[in-house]
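Novice: I have a structure here, written as structure tokens, and I will follow up with some questions on it.
The values are calculated or read from the model by the stated rules, or taken from the named source; none is laboratory data. If you're wondering where the values come from, they're calculated on a predicted model, not measured in any experiment. FYI the Cβ positions are ideal-geometry reconstructions off the backbone, even for glycines, and counts take in every protein chain you see.
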Amino acid sequence: MSLAAGALLAAALALGWTAWSSQRLGKVERILVKRQDDGAQQVTEARVLAKQAEEGAREALAKTTLLEARLAEVGVQREQIDELMRSMVRSREDQLLGEAEAGLRAALQLSAITGSAEPLVAALQLAKERLASGSLRLEPVRSALERDLERLRNAALADVATLARRLDEAVALVDALPLTADSARSSLAAAPAETAASAPGQPAPGWASRLSWWGGRLGDELRSLVRIRHIDQPEGMLLAPEQGFLLRENLKLKLLNARLAVMSRQFETAQADLQACRAALDRYFDRSHRRHAQLGDLLQGVARQAQPGGLPRPDDSLAALAAAAGAR
């Protein structure tokens, strides 16, 4: 009886343990299934997130690639714009260099014709002002222009204004100059008066004294008829009185021509005119008169100063312009 009860109790306990174990295993199983489902859901969500992340990365990569392409395109466009700007600046500078060189060469020719430094100074100053805002490659050109300007300003050139004023004074002296023929005629006209003034008065009483007086008068009259003078330029004595006006006007014209040549710095022409004026002055006008010496000194002074001063050439500027134009 006790054994049966014990067996029954043991069976009941075993059955209870089995039921409890089954219940616990079912609970564990449900937990595992739930966790498995949760894990699967998380994996699915992770896959979705990974896919979304991959798609986002792909889109970001595409956008980055597009941005890089656009950035590269902008860089290329910027380089093209910079190159265009440099080309425009260089083209403008090349144009300025060409214009400056052409202006200098034209001014050089004009200065060679006129003998004046003003065209060269003006051309150098204009080129310096126009190239002042250029790039650094124009710096040697600007330095050369400044050197040539300084050389021209310090060049020893004739004082044209003073020479022109002296030639005006020479023109004013011409009307007061006596001709050689006029001086000779005045001298001959004054001779009888001098003879009469130097002749004795009434003869003294007596035959011998009267004869001596008349002999002296006769000798004086004979001497007054013939006068011997040394004439260096005999053609000056052959001028008629009415030719004196034309001669003076011709001399004035030559002096004015010399003045015009001096003003335009054509010193060789001025020297030729001054030489012709000096020759006419010595040939036709009275050398003993003080006006002759005064005018001669004026002409000599002008001729001494009216000399070509060796106008400096802007060789440094031309060489610098050629070098800058060649460095393209």
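Novice: Take E268 and decide whether it is closer than 25 Å to I113 by Cα and assigned to a helix (DSSP H, G or I).
Specialist: yes
Novice: Which residues, counting only those in the stretch 232-266, are modelled with pLDDT of 85 or more and within 15 Å of L177 (Cα to Cα)?
Specialist: Those that are modelled with pLDDT of 85 or more and within 15 Å of L177 (Cα to Cα): L246, L247, R248, E249, N250, L251, K252, L255.
Novice: Pick out the one residue from L188, L157, L173 that is modelled with pLDDT of 80 or more and either out of contact with any Cys (no Cβ under 7 Å at 6 or more places or on another chain) or surrounded by 13 or more Cβ atoms within 10 Å (Cβ to Cβ) (or both).
Specialist: When all the criteria are applied, what remains is L173.
Novice: Is it the case that the stretch 17-32 has a residue that's under 60 Å from the mean Cα position of the chain (by Cα) and not acidic (D, E)?
Specialist: Within the stretch 17-32, not a single residue is under 60 Å from the mean Cα position of the chain (by Cα) and not acidic (D, E).
Each row is one residue, and each column tells you yes or no for (1) at pLDDT 80 or above; (2) among the aliphatic types (A, V, I, L, M); (3) in a helix (DSSP H, G or I).
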| residue | (1), (2), (3) |
| --- | --- |
| A11 | no, yes, yes |
| A14 | no, yes, yes |
| R24 | no, no, yes |
| V28 | no, yes, yes |
| R35 | yes, no, yes |
| Q41 | yes, no, yes |
| E45 | yes, no, yes |
| L49 | yes, yes, yes |
| E54 | yes, no, yes |
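Novice: Now a separate question. Only one of (1) modelled with pLDDT under 90; (2) surrounded by 13 or more Cβ atoms within 10 Å (Cβ to Cβ); (3) more than 30 Å from Q243 (Cα to Cα) fails for D182. Which number is that?
Specialist: Of the numbered conditions (1) modelled with pLDDT under 90; (2) surrounded by 13 or more Cβ atoms within 10 Å (Cβ to Cβ); (3) more than 30 Å from Q243 (Cα to Cα), the odd one out for D182 is (3).
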